[in-house]
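The values are calculated or read from the model by the stated rules, or taken from the named source; none is laboratory data. Keep in mind the model is a prediction, meaning the values are calculated, not measured. All Cβ positions, glycine included, derive from the backbone under ideal geometry; neighbour counts span all protein chains shown. Only protein heavy atoms, including side chains, enter the accessible area calculation; ligands, DNA and RNA are left aside. Shrake-Rupley method; radii C 1.70, N 1.55, O 1.52, S 1.80 Å.
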Amino acid sequence: MESENINSKVILFFENIEKYYGCKTDITEGLTSKDTNFDTDLTTWNLSEFTLLRSAYRNNGNKFMLEGNGLYYEISASDIVNFNEPGRNKFEFIEQYGDSVFRITKIRFHYKY
């Protein structure tokens, strides 16, 4: 039941993402071996900033895609284990790629409305 709820929220997010096209977008990505602890000492972090130009769903590989100038970022739809909205225009995806490999993707849109 919870995975159906997560799936519904993720689908709703991507169905409404067009309103963020043209917005400055920050993606903070963390890799860790602890799914509930994304502590800075236990996680490797990356930050990307770009203007969101388009998004899509790639059937081949089951991926959600975000694209901007010089940036292409994918989130594996089949590996999402958690999704939440911690604030206005802020979203977090947690993917599990193995027994002890997790990626958190934090997306922040600088949306004017």
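General remarks:
- Top-ranked residue of region 82-111 - restricted to ones that are in a loop (DSSP other than H, G, I, E, B) and free of Cβ contacts under 8 Å to residues at least 24 places away in the same chain, ranked as surrounded by the fewest Cβ atoms within 10 Å (Cβ to Cβ): ASP99
- Counting the residues of region 64-78 that are surrounded by 13 or more Cβ atoms within 10 Å (Cβ to Cβ) and either modelled with pLDDT of 95 or more or assigned to a strand (DSSP E or B) (or both) gives 10.
- Restricting region 5-26 to residues that are open to solvent by 20 Å² or more (accessible area, probe 1.4 Å) and assigned to a loop (DSSP other than H, G, I, E, B), the residue that is farthest from ASN84 (Cα to Cα): GLY22
- Any pair with Cβ under 6 angstrom, 6 or more apart, that starts in region 26-48 at a residue that is more than 14 Å from GLU92 (Cβ to Cβ) and ends at one that is at pLDDT 95 or above and of a type in the set (Ser, Thr, Tyr): LEU47/THR28
- Scanning region 41-63 for residues that are within 15 Å of TYR21 (Cβ to Cβ) and either open to solvent by 80 Å² or more (accessible area, probe 1.4 Å) or at pLDDT 95 or above (or both) turns up PHE50, THR51, LEU52, LEU53, ARG54, SER55.
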